[in-house]
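Since every read-out is calculated from the coordinates, none of them should be taken as a lab result. Note that this is a predicted model, so its numbers are computed, not measured. Methodologically, a virtual Cβ is constructed for each residue, glycine included, from the backbone with ideal geometry; neighbour enumeration extends over all protein chains shown.
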2 protein chains.
Amino acid sequence: MLVVKVGGSQGIDYGALCDDVAALWRADQPLLLVHGGSHETNLLSEQLGHPPRFVTSPSGHSSRFTDRQTLEMFAMVYAGKMNTLIVERLQMRAVNAVGLSGLDGRLLEGKRKDTLRVVEGGRQRILRGDWTGTVERVNVALLQLLLGAGYLPVVSPPAASEAGEAVNVDGDRAAAQIAAALRAETLLLLSNVPGLLRHFPDESTLVRQIAPGEIDEYAGFAEGRMKKKVLGAKEALAAGVGRVIIGDARVPQPIRQALGGAGTRIG
Amino acid sequence: MLVVKVGGSQGIDYGALCDDVAALWRADQPLLLVHGGSHETNLLSEQLGHPPRFVTSPSGHSSRFTDRQTLEMFAMVYAGKMNTLIVERLQMRAVNAVGLSGLDGRLLEGKRKDTLRVVEGGRQRILRGDWTGTVERVNVALLQLLLGAGYLPVVSPPAASEAGEAVNVDGDRAAAQIAAALRAETLLLLSNVPGLLRHFPDESTLVRQIAPGEIDEYAGFAEGRMKKKVLGAKEALAAGVGRVIIGDARVPQPIRQALGGAGTRIG
């Protein structure tokens, strides 16, 4: 089983990605696709007059505050536009794709974290009404039901809280949980960079290989969204996934290039 | 099997609808939900500066022109916001719902009609680039796979063209096709009116009962969106559905009220 996560940043070539998925599908490679939608969500939130609000934790970590309106825009882009248009591209390539959000059959489930401790103007305060969570359980029976019947699942956040609420979750870490639940040999984390860079954004400093015991050491090179990819890679390997490849989705044949040696191999 | 279609017009109480679905689910009533999203789509298209464009056919019928941008907004609202939030409401009521668009596994498939003949300024012309179609086939195996595994499918347009493109289709007629494919005993078409009115919008002129042979006669009373409901009812009955009830989704227990005698019964 191959789990491919494709990000939602600017510059990603979804047509090339779907060409590659179709080629693997025709070659009977069992696979599943997980996708993001961050760039389109930012565009929509600006257009609708509700731009992203970034907050800083006491430890200095920056994250997006997901109020209810943001969560609903997130659902519109991830489960609506991105998921539907990826399923459309795959159906046009004769791949029998089925789109699912993490709410569907509680495919991705975990605790909601509805309060955030943040630093604003030098003072700590508690922000309530956050709609985020972390995936703790995957409904692997639903994925196997669809895979066994010849469908290719195309999965995106949001996930379900234990109460059944929609919660925003990190897509890379969700993909890691899915790969672990399916006992995948390989998890690909594709985005708009060639892999983990020793000196971001200098692409000539690509890290080619990381042994499982070296992940924490290399995690220090990760900037921004790459931090979650390295964390997802670590979680996937710890849960039994064979290897993780962080690769580039801006190129032709992005999946086959990553499987063929491009990107950063971990494990 | 009970197929419930709930419209997307203003005034519909989705909380009450989902309470009712949950009560039937707990009572082991096999059922499936289909939904619309027209009101939210109109709001979004205004907010995004791409308001609905209505065109008139040579026979005087008015319809929405679905250009590609409109189709994508349609996917955001129907498959994104509406579907996700209905699945969320059901999951919060312990109903194991799975949301699907008609593209998923080609659940709803039919021909795309990419040109429209319209009348503008008294002259006929052809408009190209329309993304609409009519459902001709239902992937009943996918619905039965999910129903058999204990999931409640929550279905919305868009559908898939034969080439796999996303196409806007009428939700009432799609629900009629689903009810026929599942050999449903009952199809409920719920919206923001009490049923078919002899003198729209006078709600005291509700038509209580229509025999199958009288549908064409009563179709003349239908205004606006009600025309498609009457057409869907006719198609469903012709395809073997036991009865169709056109009812009100603005009231408490909308499903049980319709099953208990409210609304317009056809068949």
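Roughly how many Å is it from the Cα centre of segment A:149-169 to that of segment A:43-97, as a whole number?
13
With runs of 4+ DSSP H residues as the only contributors, calculate the mean residue ellipticity of chain B at 222 nm using -39,500 (n - 2.57) per run, divided by the residue total and rounded to the nearest 500.
On the way: 9 runs with 85 residues, N = 267.
One gets -9000 deg cm²/dmol as the mean residue ellipticity at 222 nm.
Going out from 0 in 5 Å bins, what whole percent of all Cα-Cα distances in segment B:155-206 drops into each bin?
Computed distribution, short to long bins: 4, 17, 16, 18, 17, 14, 8, 4, 2, 0.
Work through the residues other than A:Asp172 whose Cβ is under 9 Å from its Cβ and net out their charges, Lys, Arg +1 and Asp, Glu -1. Could you put the intermediate results ahead of the total?
Working: positive: A:Lys5, A:Arg173, A:Arg225, A:Lys228, A:Lys229; negative: A:Asp170.
That works out to +4.
For Cα pairs less than 8 Å apart in space and 6+ apart in sequence, what is the mean separation divided by the residue count of segment A:209-267, i.e. the relative contact order in percent?
42
Add +1 for every Lys or Arg and -1 for every Asp or Glu among the other residues with Cβ under 10 Å from the Cβ of A:Gly129, and state the total.
On the way: positive: A:Arg68, A:Arg128; negative: A:Asp67, A:Asp114, A:Asp130.
Overall, the nearby charge balance is -1.
Could you compute how fast chain B diffuses translationally, taking Rh as the Kirkwood radius over C-alpha pairs and applying Stokes-Einstein at 4 °C with viscosity 1.567 mPa s? Give it in µm² per second. Intermediate results must be reported in sequence, preceding the final value.
Values: Rh = 18.7 Å.
Value of D from the Cα-based Kirkwood radius: 69 µm²/s.
Can you pull the three principal axis extents for the Cα set of segment A:183-267, in Å, largest first?
Reported extents, whole Å, longest axis first: 30, 28, 18.
Out of the trypsin sites (Lys or Arg not before Pro) in segment A:153-222, which ones are loop residues according to DSSP with at most 12 other C-beta atoms within 10 Å?
Qualifying residues, ordered by number: A:Arg183, A:Arg198, A:Arg208.
B:Pro58: net charge of surrounding residues, Cβ under 13 Å, Lys/Arg +1, Asp/Glu -1, itself excluded?
Overall, the nearby charge balance is +2.
For the protein assembly as shown, what does the equivalent ellipsoid look like in terms of its semi-axes, each the square root of 5 times an eigenvalue of the Cα gyration tensor, given largest first in whole Å?
Each semi-axis is √(5λ); the values are 43, 24, 22 Å.
If each label sits 7 angstrom from Cα along the C-beta direction, how far apart, in nm, is B:Pro212 from its counterparts in the other copies?
Once sorted, the set of distances for B:Pro212 reads 6.5 nm.
Can you check what the Kirkwood hydrodynamic radius comes to for segment A:1-81, Cα pairs only, in Å to one decimal?
14.7
Let me check against my output: what whole-number percent is the relative contact order of segment B:41-162, with C-alpha pairs under 8 Å and at least 6 apart?
Averaging sequence separation for qualifying contacts and normalising by length gives 30 percent for segment B:41-162.
Sort shortest first the distances from A:Ala163 to its counterpart in every other copy, using label points 7 Å along the Cα-to-beta-carbon line, and give them in nm.
4.7
At 4 °C and 1.567 mPa s, grab the translational diffusion coefficient of segment A:30-175 from Stokes-Einstein with a Kirkwood Rh over Cα pairs, rounded to a whole number in µm² per second. Let's see the in-between values first.
Details: Rh = 16.1 Å.
Translational D for this selection: 81 µm²/s.
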